[in-house]
1. Could you work out the helix-only [θ] at 222 nm for the chain, with each DSSP H run of four or more residues adding -39,500 (n - 2.57) and the total divided by the number of residues, to the nearest 500 deg cm²/dmol?
2. Could you check how many percent of all C-alpha pairs in the range 169-221 are farther apart than 18 Å?
3. Number of Lys-Lys pairs in the range 53-167 under 27 Å by Cα, sequence gap 8 or more or different chains?
4. Only Cα pairs under 8 Å and at least 6 apart count here; give the relative contact order of the range 20-104 as a rounded whole percent.
5. Could you sort the peptides 196-205, 105-114 by per-residue average Cβ neighbour count (10 Å cutoff), highest mean leading?
6. How far is helix 145-159 tilted, in degrees, relative to the longest principal axis of the Cα atoms in the chain, given as a value from 0 to 90 rounded to the nearest 10?
7. Straight-line reach from residue 22: which aspartates and glutamates have a Cα under 14 Å away, not including same-chain ones fewer than 8 places off?
8. Take every DSSP beta bridge whose two residues both sit in the chain, then give the antiparallel share in percent to the nearest 5.
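The values are calculated or read from the model by the stated rules, or taken from the named source; none is laboratory data. A quick note: this is a predicted structure, and the numbers were derived from the prediction, not measured. Methodologically, a virtual Cβ is constructed for each residue, glycine included, from the backbone with ideal geometry; neighbour enumeration extends over all protein chains shown. Each accessible area value is taken on the protein alone, full model and side chains, heavy atoms only, with ligands, DNA and RNA left out. Shrake-Rupley method; radii C 1.70, N 1.55, O 1.52, S 1.80 Å.
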Amino acid sequence: MAEANIQIENSWKNALAAEFEKPYFKELRNFIQAEKNAGKTIYPPGSVIFNAFNSTPFDKVRVVILGQDPYHGAGQAHGLCFSVQHGVKPPPSLVNIFKELKSDVGFEIPAHGCLQKWTAQGVFLLNAILTVEANKPASHQKHGWEEFTNAAIQKLSDERTGLIFLLWGAFAQQKTAIIDERKHFILKAAHPSPFSAYNGFFGCSHFSKVNKILTDAGQPPVDWQI
């Protein structure tokens, strides 16, 4: 994962160029390589670790949804928070997102859980941690990814205006500290996990609120249907 061969879209590569040269990123790269050398299975596959960045260029971001950790089951994670690949059963948090979409904007619940269509409309689906060991949630916490993704959020906050950040749950809401609320919109709710969805995720109406903010600003709404 030297900068020259990091598969990340050019506008993001330019925005985050300084990060690739910092000691923490080199340590992160060495950690992941060592884990692979030890025979551990790492998700998502290397080609899609930066899928969120590659799918939504820096200047195309309109909405940011922040997750914590990639899914740790086989075939699930593909570099977009909350999303799973076609043919994979939607996990419980995603099922709850679909339920809220249905009640909020009349979303028709699909047979798949791939949110890739959102990314082409400027929805940046960023996990704070971009890799995980198979069947070990949060196993790559505190190895450098958080610093990298914080830098991405900070760049968006500093260099863009009028973005909408959806912060679900306490972990995501900690990122408020690096977002300039004078320039951007922040919508907060409980996490869609089954453990917390009934504490304020259901009924948050974030998807219709996003579209109202966008249309009020003269921008096209997000077509949430997938």
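1. Using -39500 (n - 2.57) per qualifying helix, the result is -10000 deg cm²/dmol.
2. On the way: 603 of 1378 pairs.
When every Cα pair of the range 169-221 is considered, 44 percent fall beyond 18 Å.
3. Counting lysine pairs in the range 53-167 gives 11.
4. Averaging sequence separation for qualifying contacts and normalising by length gives 21 percent for the range 20-104.
5. In descending order of packing, they fall as 196-205, 105-114.
6. Between helix and principal axis, roughly 50 degrees.
7. 3, 146, 147
8. 20 percent
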